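What follows is a short report on a single structure.
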Amino acid sequence: MDPRHSDRPVLDMTPEGEFRDPAPRATTWLDRLLMRLGGAAALVAVAAAGIVVAGIALAFFALAIPVAIAAGLVAFGSLWWRARRNGGLRGFATMTRR
């Protein structure tokens with residue numbers, strides 16, 4: 001016989017050929033406490049991640065708004081200058097076809 005026979009895993013099977021799960025260990029008060037503490041920590045981590053994402057979005061919009069205003073002013077100035085050179089401010093999109 002093999003001297004390491006007791007070190008090998010035991011495969012416990014049902015008569016139908018399925019493996020049986022090992023018996024669950026009894027939970028103690030420490031297991032329950034750690035589970036609640038872990039759940040609370042996960043909730044705090046998710047809330048903190050949400051605050052970080054909201055802060056990054058706010059910073060992005062704070063940087064993007066002045067750029068959008070400047071681009072809009074440049075576009076408006078360009079269209080106004082073209083309309084002024086083309087004979088007045090009758091409207092930007094007025095076309096007559098004869």
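The values are calculated or read from the model by the stated rules, or taken from the named source; none is laboratory data. Treat the numbers as computed from the prediction; the structure is a model and nothing was measured. Backbone-built Cβ (ideal geometry, glycine too); neighbour counts: all protein chains shown. To get the accessible areas, we keep the full protein, side chains included, count just its heavy atoms, and leave off ligands, DNA and RNA. Shrake-Rupley method; radii C 1.70, N 1.55, O 1.52, S 1.80 Å.
Couple of notes before you dig in:
- Here the label points at Leu30 and Ala62, each 7 Å from Cα along the C-beta direction, are separated by 4.7 nm in the simple model.
- For the stretch 1-83, the share of accessible area belonging to carbon and sulfur comes to 73 percent (1.4 Å probe, ligands and nucleic acids excluded).
- Kirkwood-type radius of the stretch 2-79, with distances r between different C-alpha atoms, in Å: 19.8 Å
- The stretch 23-72 - accessible surface per residue (Å², probe 1.4 Å): 87 Å²
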